[in-house]
Amino acid sequence: MSHMESFLSEGAPRKKTRWLSSVVIALVVLVIVVSVFVARLAVSALELKENVKSAADALVSQDLAKAGEALADSSFALRDINGQARLLNFLKPLPLIGKQVTAAQTMLEDAGEVLDVFRKMVEIGIDIETDARAVGVLKNGDAALSIASMPPEARRAVFRALSLRAPDIETVSVRISESRETLEAMNPDKLFVGLRIVREKWLDSLTAVDRGLKFAVPIITALPEIAGLDGVKHYLLFLQNSTELRPTGGFWGTYGILTVKDGDLVSVMTDDIYKVDAPAIGKLHTAPPSAMVRYLGADDWFLRDANWSPDVPTSVSRALEMYRAQTMLDGNVVAPKLSFDGVVLITPEFVKRLMSVLGSVTANGIVFTPENLVDKLEYEVERAYAAKNIPQNDRKDIVQDISHELLGRAKNAKIETAGKLLDAFSESLSENDIMLWSARPELQKLFATRQWTGAVRAPEDHDFFMPVDANLAALKTDAAMKRSYSYSIERSIDGDLVATARIDYDHLGTFDYKTTRYRTYTRVYAPKGSEFIRAEGNLKDDRLKNPTGARGTVDVGEELGAAVFGAFTSIEPGGTGHLSFTYKLPKNIKEQVDSGKYILDVQRQPGVGRVPLSVHLDFNKKISSASPPEASEYWFDDIYTSSGIAVPKQRFEVNF
């Protein structure tokens, strides 16, 4: 073989090797370039997040100039990084790298949406301030006033101007929601680490802004009506004691009246609800629900027990009827005879959030904190008042003292505290620790769109599960109870869908002045047309009255557009127990599954707090996708499994 032949025979593989090496080097360079860009993007995203936070803080403190400066800095930084991102457009066709570039550009678009929203908010703020100066509320050169310090005519002007801007705020709210959904749809596991960090940071920011706007829009829309701009408004208040759980969230041991005028909460009165009920004893006779007769020993039905329906609007309507009837009686010298413009229900969790913002409160020499509020207050109104020679009728005056102190602090809070207070209200509304009812149908509809009314929403066209406990003669034992929910479906031999709804109870307490054996009448709401099969754990009464543990009856009926199954059970201190209902789901749900789709709505009872929820659905049919998605260890079978914490309203979807 000649030297030339030898060279040629060896050169071909060398050329091939060099070609492959060049490709590998080029790919490495591209990955490095994209990685550097991603790192730069991550740093810029953190800077943008801080600038947006500065703009938000400035907006809350009414420093519109500072907010504008922060947004200008953010816009400059965003333009810079956007310019760099466009230089990488040629990489989009490439596998893996192209997806990273596309994801990065999507995140930058979302960042632009956030900045546009804040620019719009600054514009609205400037317009409102300009209107205020035009009518003489503010003089040129004056700093913006806080709402609390404004004279009545100023508050009216500002609130009306703000209400007129509600449609604009609604528009930006929709844009933010869309951006948030885009980020949520990105699979973080397929992103470079830097992009994963950017997605997480921006998703946190978008979620916070989205939550704030969803809270603000209906409130701003309703401001002229709810704030008493055209006259005094009266609202009936019920403090729901969730340590004695009732269907809407807790026993109504204390009621109150809120008076609002010219955008100012001018007074808060609270008192013992038994003072409203006392004049009606022996004079008004309303038959209570049968379960209250059997397990509470009730002969009549009074205001304190009005919230028997888990549907808050239904219970509120009943409460207003009872309040009206009871306060019209001779002998009532305590409760005002009023027609109410609305009703507000709150749980202790809302008060705890207020205290977390406004600080601990001292009343009657006792320091109340978010951590000890429930226990100390319970002790004062149930035991300590007698030792202090406080008349029984006055034992709940301390509730009013706490209310007045918190109201005073809220009205005089510094501007920088306002954002935290709004967060406390927003979280409490979303968690059903505040629920609202309005006498004005248009406002009630507005609140319902945000799920602030506590309405039971049983769908007509898919599956539904809502467990509801009612503590009957078990003192404040719910403070010692841990519960969990589970919902399962399996196919019967006949091909029907058979559901089992189960509540497990763990009694962590002992016998004391506020804790005893747990006694609950529990209902499960299911799709209308469901057919009861059996129950487990249902008792005729507690161990003291039913020592043999004889099984009790199960009530079967329909209400609120749903099938309802109810039974009594009891758990001893230190013990565990459960109650379950098994039933056949209606034909239309089976037909939906057979056609390729299943939907389940779960509604959590207000007042129960953090309750574990597990869902186990065996359709004997291959699953193609689901939301929320299953953990990877549960993929590739006929069963959908999900575990988590129950939220006020949650949807599960399974596709076949």
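The values are calculated or read from the model by the stated rules, or taken from the named source; none is laboratory data. Predicted model only: the values in this text are computed from it and were never measured. Please note: Cβ atoms are built from the backbone with ideal geometry, for glycine as well, and neighbour counts cover all protein chains shown. For accessibility, only protein heavy atoms count, side chains too; no ligands or nucleic acids. Shrake-Rupley method; radii C 1.70, N 1.55, O 1.52, S 1.80 Å.
Limited to the stretch 547-573, what total is found for residues that are in contact with a strand residue (DSSP E or B) (Cβ under 6 Å, 6 or more places away or on another chain) and either in contact (Cβ under 8 Å) with a residue 40 or more places away in the chain or surrounded by 19 or more Cβ atoms within 10 Å (Cβ to Cβ) (or both)?
At the first step, the residues of the stretch 547-573 found to be in contact with a strand residue (DSSP E or B) (Cβ under 6 Å, 6 or more places away or on another chain) are 552, 554-557, 562-571, 573.
Then keep just the ones that are either in contact (Cβ under 8 Å) with a residue 40 or more places away in the chain or surrounded by 19 or more Cβ atoms within 10 Å (Cβ to Cβ) (or both); that gives 552, 555, 562-571, 573.
Total satisfying the criteria: 13.
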Which numbered condition residue 466 misses (of (1) surrounded by fewer than 18 Cβ atoms within 10 Å (Cβ to Cβ); (2) under 24 Å from the mean Cα position of the chain (by Cα); (3) not small (Gly, Ala, Ser)): (1)
Hits in the stretch 209-223 (condition: open to solvent by less than 30 Å² (accessible area, probe 1.4 Å) and among the charged types (D, E, K, R)): 210
Criterion violated by residue 488 - all others in (1) in a loop (DSSP other than H, G, I, E, B); (2) within 30 Å of residue 290 (Cα to Cα); (3) not β-branched (Val, Ile, Thr) satisfied: (1)
Single unsatisfied condition, residue 499 versus (1) in a loop (DSSP other than H, G, I, E, B); (2) touching a strand residue (DSSP E or B) at 6+ places or on another chain (Cβ under 7 Å); (3) within 18 Å of residue 646 (Cβ to Cβ): (1)
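Can you tell which of 243, 254 is part of a loop (DSSP other than H, G, I, E, B), in contact with a helix residue (DSSP H, G or I) (Cβ under 7 Å, 6 or more places away or on another chain) and under 22 Å from residue 312 (Cα atoms)?
Values: 254 fails: part of a loop (DSSP other than H, G, I, E, B).
On inspection, the qualifying residue turns out to be 243.
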Tally of residues being touching a His at 6+ places or on another chain (Cβ under 8 Å), open to solvent by 10 Å² or more (accessible area, probe 1.4 Å) and in contact (Cβ under 8 Å) with a residue 60 or more places away in the chain across the stretch 496-529: 2
Test set (1) surrounded by fewer than 19 Cβ atoms within 10 Å (Cβ to Cβ); (2) closer than 27 Å to residue 600 by Cα - residue 440 fails condition number: (2)
Tally of residues being farther than 21 Å from residue 525 by Cβ and either in contact (Cβ under 8 Å) with a residue 40 or more places away in the chain or part of a strand (DSSP E or B) (or both) across the stretch 578-610: 2
Residues of the stretch 181-203 classified as within 22 Å of the chain's Cα centre (by Cα) and free of Cβ contacts under 8 Å to residues at least 60 places away in the same chain, total: 5
Scan of the stretch 224-268 for residues that are of a type in the set (Asp, Glu) and surrounded by 20 or more Cβ atoms within 10 Å (Cβ to Cβ), ordered by number: 244
Members of the stretch 613-656 that are at pLDDT 95 or above and part of a loop (DSSP other than H, G, I, E, B): 646, 647, 648
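Residue 172 - would you say it is closer than 24 Å to residue 444 by Cα and crowded, with 17+ Cβ neighbours inside 10 Å?
It is true that residue 172 is closer than 24 Å to residue 444 by Cα and crowded, with 17+ Cβ neighbours inside 10 Å.
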Matching residues in the stretch 382-414 - criterion: being open to solvent by less than 50 Å² (accessible area, probe 1.4 Å) and either out of contact with any strand residue (DSSP E or B) (no Cβ under 8 Å at 6 or more places or on another chain) or assigned to a helix (DSSP H, G or I) (or both): 384, 385, 398, 399, 400, 402, 403, 406, 407, 408, 410, 413
From the options 645, 571, 599, residue that is within 25 Å of the chain's Cα centre (by Cα), of a type outside the set (Lys, Arg) and closer than 30 Å to residue 511 by Cα: 645
Residue 304 being open to solvent by 20 Å² or more (accessible area, probe 1.4 Å), touching an Asp or Glu at 6+ places or on another chain (Cβ under 9 Å) and either part of a helix (DSSP H, G or I) or under 22 Å from residue 222 (Cβ atoms) (or both): yes
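Would you call residue 419 surrounded by fewer than 19 Cβ atoms within 10 Å (Cβ to Cβ), assigned to a helix (DSSP H, G or I) and under 21 Å from the mean Cα position of the chain (by Cα)?
Numbers: surrounded by fewer than 19 Cβ atoms within 10 Å (Cβ to Cβ): yes; assigned to a helix (DSSP H, G or I): yes; under 21 Å from the mean Cα position of the chain (by Cα): yes.
In short, yes.
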